Structures are given as structure tokens and as C-alpha cells.
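Engineer: This is the structure, below, for whatever I ask next.
Please treat every number below as a calculation from the coordinates, not as lab data. The structure presented is a predicted model; accordingly, all values stated were derived computationally and were not measured. With ideal geometry, Cβ positions are generated from the backbone for all residues, glycine too; neighbour counts draw on all protein chains shown.
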Amino acid sequence: MRYVDEFQDPELAARLLDDIRATVTRPWALMEVCGGQTHTIIRHGIDQLLPDEVELIHGPGCPVCVTPLEVIDKALEIASRPEVIFCSFGDMLRVPGTGRDLFQVRGEGGDVRVVYSPLDALRIAEDNPDREVVFFGIGFETTAPPNAMTVYQARKRGVRNFSLLVSHVRVPPAIEAIMQSPDCRVQGFLAAGHVCSVMGTAEYPRLAERFHVPIVVTGFEPLDILEGVRRTVRQLERGEHTVDNAYPRAVRAEGNPAARAMLDDVFEVTDRAWRGIGVIPESGWRLSARYRDHDAEHRFQVGDISTREPAECRSGEVLQGLLKPHECEAFGTTCTPRTPLGATMVSSEGACAAYFLYRRLDLPARPDAATGRTPATSTTAPDPTAAVTTPSLEDSSVV
Ligand code: SF4
């Protein structure tokens with residue numbers, strides 16, 4: 001399959017690994033921003049194939065994972081109302097809120113439906129003019145444009161019974177927050193290629209300059225990841241910190257102007273809470289005043305619901321790259337994909353789910369005392385291009 005098979009070529013993977021081994025002279029810690037990249041890395045064992053000097057730290061780029069508990073509770077409250085048809089991507093249905101999830105709301109009689117596009121929800125609203133139809137709009141710069149387009153269409157077509165529960169977040173402020181953390185060990189970033197395909201790369205040079213970190217726009221196949229690592233390590237070894245696009249088949253510097261124009265029209269930047277991390281200034285979007293009539297939070301008066309995150313789940317540390325999933329005491333015991341304590345175990349892009357699905361259960365649980373690094377070895381040698389059947393966590397997923 002073009003653009004997939006050719007980016008899983010074993011010989012090219014071996015050559016890229018050789019190049020990285022020949023380049024690296026000292027330890028470097030790189031963060032892959034996106035949960036999709038994390039899954040590629042864990043699925044193909046890329047972190048185990050890299051030289052010991054290169055550590056990959058998993059970042060906060062899983063949209064389901066960073067959606068705060070209080071937004072889940074708002075969704076549960078709205079979905080419980082008899083007049084509501086609550087539509088969502090499948091990933092969100094098992095994310096635990098306080099005491100229950102959307103599946104349980106459905107089991108109790110709530111009309112909760114899995115859809116594959118926000119436009120499906122708009123169609124449901126047109127077909128059910130006597131019901132209130134709400135779409136759960138979460139995610140990064142990747143899911144925000146179609147959700148913006150759906151609200152734009154709802155307003156244009158006069159579909160007044162459609163609204164959006166919005167919890168959209170933006171990557172650059174998260175990078176800024178990570179770099180400002182006193183515990184931050186990140187020295188370079190593999191930026192999320194799909195985010196940059198929408199937003200372009202203009203937001204990144206100031207971050208690279210301010211924090212002296214290379215930022216390499218990276219794709220999602222094994223060779224994409226290896227090339228991103230290769231370019232990042234090369235910059236670090238040379239003492240450089242520039243923005244580099246290693247995903248030119250999808251990303252242009254200006255991004256997607258039509259999608260950005262839609263975002264600018266429908267949304268406005270706002271402060272957003274990130275699950276387990278807290279509020280990051282200007283890190284999200286909300287509907288702009290023109291579209292406030294389609295804001296579910298406003299329509300259903302759930303703005304004042306606030307919830308405390310459960311103490312036993314350490315997903316906040318996982319999302320900031322401060323903890324590897326298997327280092328959480330609950331991992332694989334009280335917390336599994338069937339009995340998740342946190343969203344990072346539920347989501348098909350969550351780091352905890354990746355470690356569980358790809359059997360990273362036998363890794364040493366604590367960093368090596370001498371080096372301070374977590375050994376990334378397992379009992380079986382991985383193949384970076386092995387064909388692996390990805391277990392599906394849910395019916396559909398947020399990208
Ligand atoms: S393993 Fe479970 S409890 Fe631990 S951080 Fe991950 S989701 Fe939270």
C-alpha cells in the first residue's frame with residue numbers, strides 16, 4: 001500500500017538505525033508528541049532498537065487522554081437527559097468519569113450513539129428535529145477543523161437542535177508547558193505530523209529558539225519515526241535547534257489554509273485544562289461568540305461542573321513524560337483496558353494502552369540506579385517492520 005508499505009521497509013530501517021548509531025555520542029531524551037507515534041514506537045519496538053543513548057519519552061498528544069475529567073462529567077450529565085441524543089467517537093464511551101462512563105449512561109437508557117464523523121451527528125439532528133443532538137468535540141488541531149465545519153454547516157442550514165461539547169486543545173502551548181516544568185528532561189521533539197499538516201510549522205521556530213530544542217516534524221510509520229529521530233539526534237549532536245520538516249509528503253509550512261480559516265471563523269483561543277496537568281494558558285479553543293448558540297456547555301448550563309482527578313491514576317505524569325506507564329503501581333493490575341482507571345489506558349492512542357497491548361509488562365519497573373534511565377529492553381528482539389495486528393479498543397477513534 002503506497003505511503004504505508006514503503007515506509008516499513010526493513011532494509012531502510014536498518015540503514016537509518018546504523019546512521020543513528022554512528023551519529024550519537026551521548027545520551028539524549030526525545031519526546032514524541034503524538035499518541036499515534038507512541039503506538040508505532042511501542043508496536044514495532046523502535047525504542048528497543050535505538051542505541052541506549054537515545055531515550056524516547058511519550059508526550060501528551062492523545063486527545064482522549066488529555067480531556068479532563070470534568071469535561072467527561074459534563075458529557076455524562078448532558079447524555080443523561082431524556083431529550084438528548086449524545087453522539088461521540090467510540091473511544092470516549094469507556095473513558096471513566098466520576099463513578100460511571102458513557103456506556104453506563106447508555107445502559108441506563110440514555111441515547112448515546114457512536115458516530116464516525118461529526119457530520120453524522122448533524123444528519124441525526126436534521127432527522128430528529130424534536131430532539132437535542134450533541135456531538136462530543138474533543139481533540140487537537142486535527143479533529144478541530146471537521147468539528148468547526150460541522151458547526152458552520154449547522155448554522156448555515158439552520159439546524160438549531162445541534163450543539164457541540166467542545167474540549168479542543170492545541171499542541172504548541174503544551175510544548176511550552178512541558179519545557180517550563182522543573183522536572184523536564186526533554187531535549188528534542190518529534191512534532192506531530194498530522195497537526196502540522198493542518199497548522200503548518202510557523203508556531204514552532206519561537207519554541208525551538210526559546211528552549212533551545214530541535215523540533216522535527218515527524219510522521220507515523222516506522223521509517224518516519226526513525227528519520228525523525230535521526231534528524232533530531234543529528235541536530236543535538238551539532239548543537240543546533242531548528243525546526244525541520246521530515247514529513248514533507250503531508251506537511252507544508254503554511255499548513256492547510258482552508259482548515260485554518262475555518263478554525264479562525266468558528267473557534268477562539270482560550271485557556272484549557274489538560275487532564276492530570278492542569279490549566280495551560282491559551283492551550284485550547286472554544287466556540288466564538290457568533291456560534292455560541294451551538295455551544296452545548298452553554299445550552300445545557302453545565303459550565304460550573306468541576307471535578308477532582310482521582311489520586312490513584314498517575315496519567316498526568318505519564319502525559320508529561322515523567323513516568324513510563326509500567327511504572328504506575330496500578331498498571332496491568334487494578335488498571336487494564338477492561339478496567340481502566342484513567343483515560344491513558346482506554347484510548348487507542350494512550351501510552352498505558354500501548355504498553356498493555358504490546359505486552360510491555362515484563363520491563364523493569366524502575367530507572368537504573370546508576371544511569372537514572374529506565375532500561376528499555378525486553379525478552380524478545382523486536383522487528384521494526386513486523387506486521388502486527390493492532391487490537392482495537394473501540395469502534396472508532398479520535399485522531
Ligand atoms: S496505568 Fe492506569 S492508573 Fe496508571 S497512569 Fe495509566 S491509566 Fe492511570
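Engineer: If amide H atoms are built 1.01 Å from N in the plane of the peptide, which residues on other chains or at least 5 residues away come under 5 Å of the amide H of residue 245?
Structural biologist: 217
Engineer: So, R0 is 45 Å and r is the distance between the beta-carbons of residue 53 and residue 292; what FRET efficiency does that work out to, to 0.05?
Structural biologist: Efficiency for this residue pair is about 0.30.
Engineer: By average Cβ neighbour count within 10 Å, what is the ranking of 343-350, 313-320, 73-80, 238-245 from highest down?
Structural biologist: The peptides rank, most packed first, as 343-350, 313-320, 73-80, 238-245.
Engineer: State, to one decimal in nm, how far the label point of residue 258 lies from the label point of residue 271, with both points 7 Å from Cα in the Cβ direction.
Structural biologist: Placing both labels 7 Å beyond Cα along the Cβ direction yields 3.7 nm.
Engineer: Over all directions, what mean area does the Cα convex hull of the chain project, stated in square nanometres?
Structural biologist: 19.0
Engineer: On to the next question. Taking the Cα centre of the stretch 1-64 as the origin, how large is its charge dipole in debye, to the nearest 20, when only Lys and Arg (+1) and Asp and Glu (-1) carry charge on their Cβ atoms?
Structural biologist: For this selection, approximately 140 debye.
Engineer: Tell me, what is the percent relative contact order of the stretch 1-308, built from C-alpha pairs under 8 Å that lie six or more residues apart?
Structural biologist: Dividing the mean separation by the residue count of the stretch 1-308 yields 22 percent.
Engineer: Mind grabbing the base-10 log of I(q)/I(0) for the stretch 315-357 at q = 0.18, 0.21, 0.33 Å⁻¹? Debye formula, identical points on the C-alpha positions, no solvent, two decimal places.
Structural biologist: Results for the stretch 315-357 at q = 0.18, 0.21, 0.33 Å⁻¹ read -0.38, -0.52, -1.32.
Engineer: Out of all DSSP beta bridges in the chain, what portion is antiparallel? Express it as a percent rounded to 5.
Structural biologist: DSSP beta bridges in the chain are roughly 20 percent antiparallel.
Engineer: For the ranges 214-221, 108-115, what's the packing order if you count other beta-carbon atoms within 10 Å of each residue, average per peptide, and put the highest first?
Structural biologist: 214-221, 108-115
Engineer: Order 133-145, 275-287 from most to least packed using the mean count of other Cβ atoms within 10 Å.
Structural biologist: Per-residue mean Cβ counts within 10 Å order the peptides as 133-145, 275-287.
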